[in-house]
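The values are calculated or read from the model by the stated rules, or taken from the named source; none is laboratory data. The model shown is predicted, which means the values in this text are computed figures rather than measured ones. All Cβ positions, even for glycine, are placed from backbone atoms using ideal geometry, and neighbour counts span all protein chains on display. The protein model used for the area step is the full one, side chains on, heavy atoms only, and it has no ligands, DNA or RNA in it. Shrake-Rupley method; radii C 1.70, N 1.55, O 1.52, S 1.80 Å.
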Amino acid sequence: MTRLGGHGLDHVFHRARSDFLEVTRTWTDEAGPDDAGAAAVVQLADPTGGRPGRWLNAVGRAGRLARLLSTVVPDGDVVSATVTRGTGALAGETLAGWGLVPDATWDRMVTETAPPVRAG
């Protein structure tokens, strides 16, 4: 699990099974510990080497995140990137430079505790 506390992002940013993907690098544009609007990018890789390439997961306001993405230099080929809604249109040139094209739009919710199980 990666927490970017002190970087304007005190929430859990990413959780991944360590036997499946591991965090290899992070970037943030934070301007200090009180910067609540900071953008951040986490680079993931397969620790076994069985799946080549890098996966990028990113959060932040679209404009700020697009600017941050333009400074990111991944350690290898980027095979996938998940960005905040609206960022793709602003960072299209950067994403295309990594060989990525828009694929899907979706929203996700995360919880740190399992919801109650309903019978039936």
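Values as computed for the structure displayed
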| quantity | calculated |
| --- | --- |
| Set R15, R25: member being modelled with pLDDT of 85 or more and out of contact with any His (no Cβ under 8 Å at 6 or more places or on another chain) | R25 |
| Residue within region 71-89 that is exposed (fewer than 10 other Cβ atoms within 10 Å of the Cβ) and aliphatic (A, V, I, L, M) present | yes |
| Of all residues in region 57-68 being over 13 Å from T26 (Cβ atoms) and either crowded, with 20+ Cβ neighbours inside 10 Å or within 13 Å of the chain's Cα centre (by Cα) (or both), the one that is modelled with the lowest pLDDT | R61 |
| Residue list for region 39-56, restricted to those being hydrophobic (A, V, I, L, M, F, W, C) and open to solvent by less than 10 Å² (accessible area, probe 1.4 Å) | A39, A40, V41, V42, L44, A45, L56 |
| Residue among G99, G32 that is at positive phi and modelled with pLDDT under 85 | G32 |
| Qualifying residue in region 92-100 (condition: of a type outside the set (A, V, I, L, M), part of a loop (DSSP other than H, G, I, E, B) and either without any contact (Cβ under 8 Å) to a residue 40 or more places away in the chain or surrounded by 10 or more Cβ atoms within 10 Å (Cβ to Cβ) (or both)) | yes |
